[in-house]
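Visitor: Let me give you the structure first, and then I'll get to my questions.
The values are calculated or read from the model by the stated rules, or taken from the named source; none is laboratory data. Please read these numbers as outputs of a predicted model, since none were measured by experiment. Because the Cβ atoms are built from the backbone with ideal geometry, glycine has one as well, and the counts that use them run over all protein chains shown.
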Amino acid sequence: MSTPFVLVERSGPSARVTLDRPERRNPLSLQMMREATAAIRDLGDDPDCGVVVLTGSGPALSAGHEISEMVDRTLTQEREVFTTCVQLMETIQAIRQPVIAEVQGHAIAAGCQLVATCDLAVAVDTARFGTPGVKIGLFCSTPMVAVSRSIGRKRAMQMLLTGETIDAATAVDWGLVNEAVPEGHLRFRVDELALQIADSSPLTLEIGKQAFYRQIDLPQDEAYREMAETMATNAVTCDAQEGMSAFLEKRAPQWRGE
C-alpha cells in the first residue's frame, strides 16, 4: 500500500492540506494530485470547514510536476498528467470555501500555478516563484492559465519566456501573492487570515467566491448585469437579512448558513 502524499489537519473552522513529499520538494505526481484533489473535494463538502489552507512540507510548496512521470510516455499518458492537474486547479476554485496558499518555500512551474489558483496566498519573504519549463523544452502552458490571470500579460510572458524566478517582494508587487512575511510569522498570519474570513457567513462566502470567478472574464456590461442579479438574490437570503439587521441594531450577527 502506498504512503499518503497529502496530510489533512483540522484546526477550528479551518483545515490545512499539506503536500508531504519534502525530500522531493512536493512534486505534483499523479498520486499527489489525485490525493490533493480528493482531500480538497471532501473538505468542500464538510459543513464544519470554513476555510482551506494549502501548504507543503519542507523547503518548497512544490517544485512542479514529477518529471520522471513524463519521460518516455505516450500522448495518452501525458494527457492524463495535465488533465489530472487541471482537475486539481478547478477543484480549488470550485469548492465553496476560500482556499489560502501558505507558501513556506519556493513555488515553481505547477507549484506556481497552485499559488495563482488559490483565492489568497501568503508567502515567506524568502520564497521564489517561477515558470521555468521553457528551459527544459516544455513551455508552462497550464501554469500560464492561472499565472496570466493573476499578474497580467506582460509580466506573465516575462516569467514564461525567460524561465527566471521572481522573489516574494516582486510576487506581492505583481499580485501573485497577497503578503510576504518572515518565516516564523507565516502560519500565525495565515491562521489569523483564516479566522477573519471564517467569521463571515459561510453562505455569503460561497456566493461571493462563485460570483468572483463567474464575472472576472466577462465584458463589463455583462458582468454588471450578472452581479446585480447575484446581489439581489444574496440580499434575500436569511444570512444577509440577519447581517443587515444586526448592523442596524449594533449587535453581532448569528449566521444560519441559509
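Visitor: Taking the stated definitions as given, is A240 in a helix (DSSP H, G or I), free of Cβ contacts under 8 Å to residues at least 60 places away in the same chain, within 29 Å of R149 (Cα to Cα) and not assigned by TED's automatic domain parsing to the domain that holds V52? So that I can check it myself, show each step before the final result.
Guide: Numbers: in a helix (DSSP H, G or I): yes; free of Cβ contacts under 8 Å to residues at least 60 places away in the same chain: yes; within 29 Å of R149 (Cα to Cα): no; not assigned by TED's automatic domain parsing to the domain that holds V52: yes.
The answer is no for A240.
Visitor: A further question on this structure: For A63, indicate whether it is crowded, with 20+ Cβ neighbours inside 10 Å, at pLDDT 95 or above and touching a Pro at 6+ places or on another chain (Cβ under 8 Å).
Guide: On the way: crowded, with 20+ Cβ neighbours inside 10 Å: yes; at pLDDT 95 or above: yes; touching a Pro at 6+ places or on another chain (Cβ under 8 Å): yes.
Answer is yes for this residue.
Visitor: Further, regarding this structure: Within region 74-106, which residues are in contact with a Ser or Thr (Cβ under 8 Å, 6 or more places away or on another chain) and of a type in the set (D, E, K, R)?
Guide: E102
Visitor: Here is a further query. Restricting to region 185-206, what's the tally of residues that are aromatic (F, W, Y) and crowded, with 17+ Cβ neighbours inside 10 Å?
Guide: To start, the set of residues in region 185-206 that are aromatic (F, W, Y) comprises 188.
The next check asks that each one be crowded, with 17+ Cβ neighbours inside 10 Å; those that pass are none.
The qualifying residues number 0.
Visitor: Follow-up. What is the one condition in (1) under 23 Å from the mean Cα position of the chain (by Cα); (2) surrounded by 12 or more Cβ atoms within 10 Å (Cβ to Cβ); (3) among the charged types (D, E, K, R) that R256 does not satisfy?
Guide: (1)
Visitor: When you check V177 against the structure, is it assigned to a helix (DSSP H, G or I), modelled with pLDDT of 95 or more, among the aliphatic types (A, V, I, L, M) and farther than 26 Å from A240 by Cβ, yes or no? Don't jump to the end; show me each part of the working.
Guide: Numbers: assigned to a helix (DSSP H, G or I): no; modelled with pLDDT of 95 or more: yes; among the aliphatic types (A, V, I, L, M): yes; farther than 26 Å from A240 by Cβ: yes.
No: the conditions fail for V177.
Visitor: Another question, if that's okay. Keeping to region 1-59, report how many residues are among the acidic types (D, E) and closer than 23 Å to R189 by Cα. Working first, answer last.
Guide: Applying the first criterion (among the acidic types (D, E)) to region 1-59 yields 9, 20, 23, 35, 42, 45-46, 48.
If we keep only those that are closer than 23 Å to R189 by Cα as well, we get 9, 20, 48.
Count: 3.
Visitor: Give me the pairs: first residue in region 105-124 and more than 16 Å from G152 (Cα to Cα), second residue among the acidic types (D, E), beta-carbon distance under 7 Å, and six or more apart or on different chains, which are they?
Guide: V122/E102; V122/E179; V124/E183
Visitor: Related question: Does I100 fit the bill of being modelled with pLDDT of 95 or more and hydrophobic (A, V, I, L, M, F, W, C)?
Guide: Considered against the rule, which asks whether it is modelled with pLDDT of 95 or more and hydrophobic (A, V, I, L, M, F, W, C), I100 comes out as yes.
Visitor: Where the second residue is basic (K, R) and the first is in a helix (DSSP H, G or I) and lies in region 190-208, which pairs have Cβ atoms under 8 Å and are six or more apart or on separate chains?
Guide: So the pair list comes out as P202/R96; L205/R96; E206/R96.
Visitor: Taking region 28-55 as the search range and keeping residues that are free of Cβ contacts under 8 Å to residues at least 40 places away in the same chain and surrounded by 17 or more Cβ atoms within 10 Å (Cβ to Cβ), which one is farthest from A109 (Cα to Cα)?
Guide: A39
Visitor: A follow-up question, please. Considering each of T170, T165 in turn, give the residue that is assigned by TED's automatic domain parsing to the domain that holds H106 and touching a Pro at 6+ places or on another chain (Cβ under 9 Å). Lay out the reasoning, then the answer.
Guide: Numbers: T170 fails: touching a Pro at 6+ places or on another chain (Cβ under 9 Å).
The conditions single out T165.
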